[in-house]
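Novice: Right, I'll just put the structure down here and ask away after.
The values are calculated or read from the model by the stated rules, or taken from the named source; none is laboratory data. Since the structure is predicted, the reported quantities are computational estimates derived from the model, not experimental observations. Here the Cβ is made from the backbone with ideal geometry for all residues, glycine too, and neighbour counts use every protein chain on show.
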């Protein structure tokens, strides 16, 4: 049977590649510390579950295609409090931030088009872009420069007649980089100057550790035609399993096209919308506690990394990931060795090898992404295992 | 700003076209009987809400990309009871049947490809097919023949080098047609003979009123490479708002490609999956009662239609829709007149005009789709309003 040429250009998740090795290691009795996945361990605000328990309608009916009014109101109110003012019609509720991304890209990318994305980047962008028939042109960075990409002189030479958009994850996954306000201004100005969309995937907005104000490309109301904000309750409220996100834009032509997708999939899950609206009643003390906890974890990871000779890693400012270059020949081989041969008191460790976060072949081979989503004690042990693993891996050769 | 050529070929839902007129009519105090939407009024089995209320995990985490094991088990068990045996890996849980359809089509359709679909068909297929860069080649039918399409001599001449699949909704939306077993066999044989996929959108499987056994293209294990089954809990359990569906196929290459989409959107809503697994514990008495109720409604609609001079409609055998040709010049104009000028004791009626269910321009102009999702008394009144409306509409001219 024949399959779409587009889906044939896509791959399975590189994150899952080591899953069979992990299963085999566990079968041998190994205990694995997981620094490889971005599932936070923070408790979902009880307001979510309370809302679901008190749902009283006897028929679980379709919700309206653009989302239920209570949730749209809640999202609008959240942005109003950040001094970003959107009309209700400018907010489309989606099945996770993932659907918001897929819809935005399907609306703006055509066969042969290009989108600029700083690399390393979230690997799922590959499938989302390739299924539109388009391709990612990476904005290059380096571990030595802390994966800094926001320079006009780096970006403008990459723009050509096929370029349709610039997309950034801010705060960054996998790098933890956080844009300065004037860097965001510059990116918006570049988008305006070249008639490009600027897509801000802002799933990690609350996760900033230097006292920065919460930021969004939605601030730039002067770029109403260009800016697309991708948002989600997944990380903000540790509600990844709700699959509730939204697409926000002041570009009404885009909203019209996006609505075609929203209508064709009818609606987003009703109960998850009802409950997610209640998440927005959570107070600032919730975010302060979460931020404090992740900051402590980040600092632990950085302290431990600095003790490992040969590691290159600048301290990230946000999200709950960081990329680091390790003094190993190949992070893939190292991960496989950790699962097949290494152990310390029966323990080993998993991270995400760096290469799949890059579009440029050969880049990221000695880099890894660490998700610091373990509690303090486990995190320290995981980092000690990483250090010991590097030492033994290099000695054995 | 430039938009994708594919999304520009799509349209907004034709079902929504009369929404502003309905709002205006209601503002004038009109009471509208809705025969235009397919939202059933049957109560969702309480097992769904009980499962959600007893969910105890403090973190609402991502589910696995192919679905949670309990739900896959439940779906597998449901098919086993129908003597269709699928491996767990052959069932992918999706966000509604809509996502299952979108994923299947994205995997198999490329730019310039064609898919055969009997017309009239579910209008959302248009967006799903066009965003793949493909187009629908309709298999023509007529109201006089009860929208019958399953004839080899009608279908084979439409197959060309660009044809990739045949897709049917069975039982049918909007027509209520139900395939005979030997017609399904013939469609499968045509698909096999021409190396095509055969996609069965079987959302309404339980809604058959002639004592037929429950059917599925999944029965044809000899066409393992060809058959794709689209399923959902939406209508079966009156749980449209759960957005839980699945894609089932024995074609493992297709499963591999579909998994790329599943991984790129991470997962389906966790709680809705947990609760939907419990829906499958509902016993046969639930379906018997629902079937009895809809059969009564169908019979009411048919009895009332027969009393209207000039209406063409053969009695449909399934789903909860029917198409009828009315003795009016234009169903669109008639609907608008019903909302703007007609009333009887303050009441009026809405249906779905037929043209948007057709791909062939000009077809279906005097046809309508009736969704018989109202309880008996309201349904009788709605049909009386339709009869009176037709009489007055034709008299005024």
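Novice: Quick one: would you say residue B:181 is closer than 24 Å to residue B:322 by Cβ and at pLDDT 95 or above?
Specialist: For residue B:181, the condition - closer than 24 Å to residue B:322 by Cβ and at pLDDT 95 or above - is met.
Novice: Restricting attention to segment A:242-263, report how many residues are in a helix (DSSP H, G or I), under 30 Å from residue B:67 (Cα atoms) and within 9 Å of another protein chain (Cβ to nearest Cβ).
Specialist: So the count comes out to 7.
Novice: Same structure again: Of all residues in segment B:25-41, which are touching a residue at least 24 places away in the same chain (Cβ under 8 Å) and under 22 Å from residue A:65 (Cβ atoms)?
Specialist: Passing the criteria: B:25, B:32, B:34, B:35, B:36, B:37, B:38, B:39, B:40, B:41.
Novice: Please determine whether any residue of segment B:224-232 is farther than 27 Å from residue A:37 by Cα, assigned by TED's automatic domain parsing to the domain that holds residue B:96, surrounded by fewer than 22 Cβ atoms within 10 Å (Cβ to Cβ) and at pLDDT 95 or above. Walk me through it before giving the result.
Specialist: Our first condition is that a residue be farther than 27 Å from residue A:37 by Cα; within segment B:224-232, this holds for B:224-232.
In the following step, the residues that additionally are assigned by TED's automatic domain parsing to the domain that holds residue B:96 were identified as B:224-232.
Okay, now just the ones that are also surrounded by fewer than 22 Cβ atoms within 10 Å (Cβ to Cβ), so B:224-225.
Those left that are additionally at pLDDT 95 or above: B:224-225.
Yes, segment B:224-232 contains a residue that is farther than 27 Å from residue A:37 by Cα, assigned by TED's automatic domain parsing to the domain that holds residue B:96, surrounded by fewer than 22 Cβ atoms within 10 Å (Cβ to Cβ) and at pLDDT 95 or above.
Novice: Only one residue in A:65, A:13 is within 10 Å of chain B (Cβ to nearest Cβ), under 30 Å from residue B:42 (Cβ atoms), in contact (Cβ under 8 Å) with a residue 12 or more places away in the chain and surrounded by 15 or more Cβ atoms within 10 Å (Cβ to Cβ), so which one is that?
Specialist: Matching residue, one of A:65, A:13: A:65.
Novice: Assigned to a strand (DSSP E or B) and within 9 Å of chain A (Cβ to nearest Cβ) - does that describe any residue in segment B:86-96?
Specialist: For segment B:86-96, residues assigned to a strand (DSSP E or B) and within 9 Å of chain A (Cβ to nearest Cβ): present.
Novice: When you look at residue B:307, is it farther than 16 Å from residue B:373 by Cα, loosely packed, with under 15 Cβ neighbours inside 10 Å, away from chain A (no Cβ under 14 Å) and modelled with pLDDT under 95, yes or no?
Specialist: On the way: farther than 16 Å from residue B:373 by Cα: yes; loosely packed, with under 15 Cβ neighbours inside 10 Å: yes; away from chain A (no Cβ under 14 Å): yes; modelled with pLDDT under 95: no.
Here the answer is no, as residue B:307 does not meet what is asked.
Novice: Which of the numbered conditions does residue B:4 fail, given that it passes all the others? Conditions: (1) within 12 Å of chain A (Cβ to nearest Cβ); (2) modelled with pLDDT under 95; (3) more than 22 Å from residue B:242 (Cβ to Cβ).
Specialist: (2)
Novice: Go over the candidates B:277, B:324, B:269 one by one and state the one that is crowded, with 18+ Cβ neighbours inside 10 Å, away from chain A (no Cβ under 14 Å) and over 24 Å from residue B:122 (Cα atoms).
Specialist: From the options B:277, B:324, B:269, the qualifying one is B:277.
Novice: Based on this model, can you work out whether residue B:312 counts as under 28 Å from residue B:234 (Cα atoms) and under 24 Å from the mean Cα position of the chain (by Cα)?
Specialist: no
Novice: Taking the criterion of being within 12 Å of chain B (Cβ to nearest Cβ) and either assigned to a helix (DSSP H, G or I) or out of contact with any strand residue (DSSP E or B) (no Cβ under 8 Å at 6 or more places or on another chain) (or both), would at least one residue in segment A:135-156 satisfy it?
Specialist: no
Novice: Let me ask something additional. Among the numbered conditions (1) over 30 Å from residue B:8 (Cα atoms); (2) in contact with a helix residue (DSSP H, G or I) (Cβ under 7 Å, 6 or more places away or on another chain); (3) surrounded by 20 or more Cβ atoms within 10 Å (Cβ to Cβ), tell me where residue A:258 comes up short.
Specialist: (1)
Novice: Next question, about the same structure. Only one residue in B:68, B:75 is under 20 Å from the mean Cα position of the chain (by Cα) and not assigned by TED's automatic domain parsing to the domain that holds residue B:380. Which one? Reasoning before the result, please.
Specialist: On the way: B:68 fails: under 20 Å from the mean Cα position of the chain (by Cα).
Just one listed residue meets the conditions, B:75.
Novice: Looking for something in a loop (DSSP other than H, G, I, E, B), facing chain B (nearest Cβ under 7 Å) and closer than 21 Å to residue B:98 by Cβ - is there at least one such residue anywhere in segment A:218-241?
Specialist: The answer is no; no qualifying residue exists.
Novice: Which of the residues spanning segment A:102-128 are more than 8 Å from every other protein chain (Cβ to nearest Cβ) and under 19 Å from residue A:260 (Cα atoms)?
Specialist: A:103, A:104, A:105
Novice: Which condition number does residue A:298 fail, the rest of (1) farther than 19 Å from residue A:367 by Cα; (2) away from chain B (no Cβ under 14 Å) being met?
Specialist: (1)
Novice: Related question: Does segment A:193-216 include one or more residues that are out of contact with any helix residue (DSSP H, G or I) (no Cβ under 6 Å at 6 or more places or on another chain), in a helix (DSSP H, G or I) and without any contact (Cβ under 8 Å) to a residue 12 or more places away in the chain?
Specialist: Yes: segment A:193-216 contains one or more residues that are out of contact with any helix residue (DSSP H, G or I) (no Cβ under 6 Å at 6 or more places or on another chain), in a helix (DSSP H, G or I) and without any contact (Cβ under 8 Å) to a residue 12 or more places away in the chain.
Novice: Does residue B:298 satisfy the condition of being touching a strand residue (DSSP E or B) at 6+ places or on another chain (Cβ under 8 Å), assigned to a helix (DSSP H, G or I) and closer than 27 Å to residue B:179 by Cα?
Specialist: Yes: the conditions hold for residue B:298.
Novice: Can you spot a residue in segment A:271-289 that is in contact (Cβ under 8 Å) with a residue 60 or more places away in the chain, over 30 Å from residue B:245 (Cβ atoms) and outside any loop (DSSP other than H, G, I, E, B)?
Specialist: Yes, there is a match, as at least one residue in segment A:271-289 is in contact (Cβ under 8 Å) with a residue 60 or more places away in the chain, over 30 Å from residue B:245 (Cβ atoms) and outside any loop (DSSP other than H, G, I, E, B).
Novice: For residue B:167, only one of the following conditions fails: (1) surrounded by fewer than 23 Cβ atoms within 10 Å (Cβ to Cβ); (2) touching a residue at least 40 places away in the same chain (Cβ under 8 Å). What is its number?
Specialist: Single failed check for residue B:167: (1).
Novice: Are any residues in segment A:170-201 more than 15 Å from residue A:218 (Cβ to Cβ), within 14 Å of chain B (Cβ to nearest Cβ) and crowded, with 19+ Cβ neighbours inside 10 Å, and if so, which ones?
Specialist: Within segment A:170-201, A:173, A:196 qualify.
Novice: Moving to a separate point now. Is it fair to say residue A:60 is within 13 Å of chain B (Cβ to nearest Cβ), over 21 Å from the mean Cα position of the chain (by Cα) and either touching a residue at least 24 places away in the same chain (Cβ under 8 Å) or surrounded by 14 or more Cβ atoms within 10 Å (Cβ to Cβ) (or both)?
Specialist: Judged against the criteria, residue A:60 is a match.
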